[in-house]
Structure formats: structure tokens, C-alpha cells
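Accompanying notes for the structure given below.
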Amino acid sequence: MMKFSLIQIYNEVDGFVNGVWLQDHTGNLNSAIRKANETEKANSNRIKVAVVERIGGSAPNYCLLTNLKRLG
């Protein structure tokens, strides 16, 4: 199983995103993308969510994260 992070997108340019961590996801890329889509839908599509490689660290990071490669 792979680990990914879901990021609320504030800005996206050429496949790289800036945003804030929402949650981690363990599974394959398709299940992570599905979870991102479900999260957008649960928020009435008022937010955009990207899947990126897992953000390291033992505690959630709510700082603005920049230049993350979007996987999905």
C-alpha cells in the first residue's frame, strides 16, 4: 500500500499545487483520487483537492505548502 496526502488547493500552475494538508490516505492512487473527489463533493464543490505524495511528519501540518507535484 502507498501513502498519499490530500491537499486543499489554493493555487495550481503546470501540475504543481500550493495548499493546505487535509488528510493522509493509504491505498492506491485511484482510491486516493476517489477520496479527493468525495471530499470535494462533501464540501459542495467549494474546494478543490489534489492528491500528492505523502507529506512527511508525525503531526498534521496546516501551514501553506508550496510546489507539490499533483498526482491526481
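The values are calculated or read from the model by the stated rules, or taken from the named source; none is laboratory data. In this text the structure is predicted, and so the values were computed from the model without any measurement. Quick reminder, even Gly has a Cβ in these numbers, built from the backbone with ideal geometry, and neighbours come from all protein chains shown. We work out accessible area using only protein heavy atoms, side chains counted, and drop any ligands, DNA or RNA first. Shrake-Rupley method; radii C 1.70, N 1.55, O 1.52, S 1.80 Å.
So is Leu64 out of contact with any helix residue (DSSP H, G or I) (no Cβ under 6 Å at 6 or more places or on another chain) and in contact (Cβ under 8 Å) with a residue 12 or more places away in the chain or not? The answer is yes for Leu64. Among the residues of this structure, Arg34 counts as one that is free of Cβ contacts under 8 Å to residues at least 12 places away in the same chain and of a type outside the set (S, T, N, Q).
For the stretch 6-39, the tally of residues that are assigned to a strand (DSSP E or B) and either open to solvent by 30 Å² or more (accessible area, probe 1.4 Å) or within 22 Å of Cys63 (Cα to Cα) (or both) stands at 19.
When Cys63 is tested against the conditions (1) in contact with a strand residue (DSSP E or B) (Cβ under 6 Å, 6 or more places away or on another chain); (2) open to solvent by 50 Å² or more (accessible area, probe 1.4 Å); (3) in a loop (DSSP other than H, G, I, E, B); (4) of a type outside the set (A, V, I, L, M), the lone failure is (1). Taking first residues from the stretch 1-12 that are without any contact (Cβ under 8 Å) to a residue 24 or more places away in the chain and partners that are open to solvent by 10 Å² or more (accessible area, probe 1.4 Å) and not in a strand (DSSP E or B), no Cβ contact under 7 Å between residues at least 6 apart in sequence or on separate chains turns up.
Only residues that are within 10 Å of the chain's Cα centre (by Cα) and either open to solvent by less than 60 Å² (accessible area, probe 1.4 Å) or aliphatic (A, V, I, L, M) (or both) were counted in the stretch 40-59, giving 5.
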